[in-house]
Amino acid sequence: AQSVTQLDSQVPVFEEAPVELRCNYSSSVSVYLFWYVQYPNQGLQLLLKYLSGSTLVKSINGFEAEFNKSQTSFHLRKPSVHISDTAEYFCAVSEKSSGYSTLTFGKGTMLLVSP
Amino acid sequence: GAVVSQHPSRVICKSGTSVKIECRSLDFQATTMFWYRQFPKQSLMLMATSNEGSKATYEQGVEKDKFLINHASLTLSTLTVTSAHPEDSSFYICSARSRRGGTDTQYFGPGTRLTVL
């Protein structure tokens, strides 16, 4: 079974500052990794994903995450945040297998961007 | 692309009534859909996996007779909360599995806020 740990429940940051949201996972097999963002009273939106290939993946709005197999991590970063980035961010993992496995989510990190 | 809708977005009902929530994949076919439940300030908990044309697979601790799931077509899954009680009040989110472009990804609906009085 896999598990996901998001160590920070809340990360306050000032606008235009850099941010890193941490995610570590545990699994006995190879995994796919995802970051989802949830705005208040809305569903989840896929931000970015790692399936294979380059370990650095990027989203269209400036976020990036790097898969580190040795540290079993998939931290999310942005060099300069905006007020509009305020949201809940969920890291998720699914196991690579011959069939599809379900997503396991971390508890989420609330990113609070203030002016 | 890969849009998933849910209806209704918000519902308030009396205790003892049943509520149906629809989940639709608008621009792709989804043989598999998932139903999650999210409590305030918590993560998503998978309730069940819905497979088109077959019975849903429920996670441990989820009452299948209380949360009825039907996946009648490749674009529609429904969740019916039967005889709802206040403790069933929650945010219910569905997702649909897409294999578009050869990759396997879940796309989520906007969620349904259920309040049972």
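At-a-glance table
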{"quantity": "Estimated FRET transfer efficiency when R0 is 30 angstrom, pair residue B:74-residue A:77 (beta carbons, to 0.05)", "calculated": "0.20"}
{"quantity": "Average Cα contact separation per residue, region B:63-112, under 8 Å, 6 or more apart, as relative contact order %", "calculated": "25"}
{"quantity": "Whole-number D in µm²/s for chain A (Stokes-Einstein; Kirkwood sum over Cα pairs; 25 °C, 0.890 mPa s)", "calculated": "172"}
{"quantity": "For residue A:110, distant residues with modelled amide H under 5 Å away", "calculated": "A:10, A:11, A:89"}
{"quantity": "Hz values of 3J(HN,Hα) by residue in region B:88-99 - Karplus curve (6.51, -1.76, 1.60), Gly and Pro given as x", "calculated": "7, 4, 5, 9, 9, 10, 10, 9, 10, 8, 10, 10"}
{"quantity": "Cysteines in the protein assembly as shown lacking a second Cys C-beta under 4.7 Å", "calculated": "B:13"}
{"quantity": "Cα gyration tensor shape of chain B, rounded if a/c is under 1.5, else prolate or oblate by comparing a/b with b/c", "calculated": "prolate"}
{"quantity": "Listed residue pairs exceeding 21 Å between alpha carbons, taken from A:78/B:41; A:96/B:64; B:20/B:66; A:49/A:69; B:41/B:66; A:58/A:78", "calculated": "A:78/B:41; A:96/B:64; B:41/B:66"}
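All of the numbers you see were taken from the coordinates with simple rules; none came from a lab. Since we're looking at a predicted model, the values are computed, not measured. Cβ: placed from backbone, ideal geometry, glycine included. Neighbour counts: every protein chain shown.
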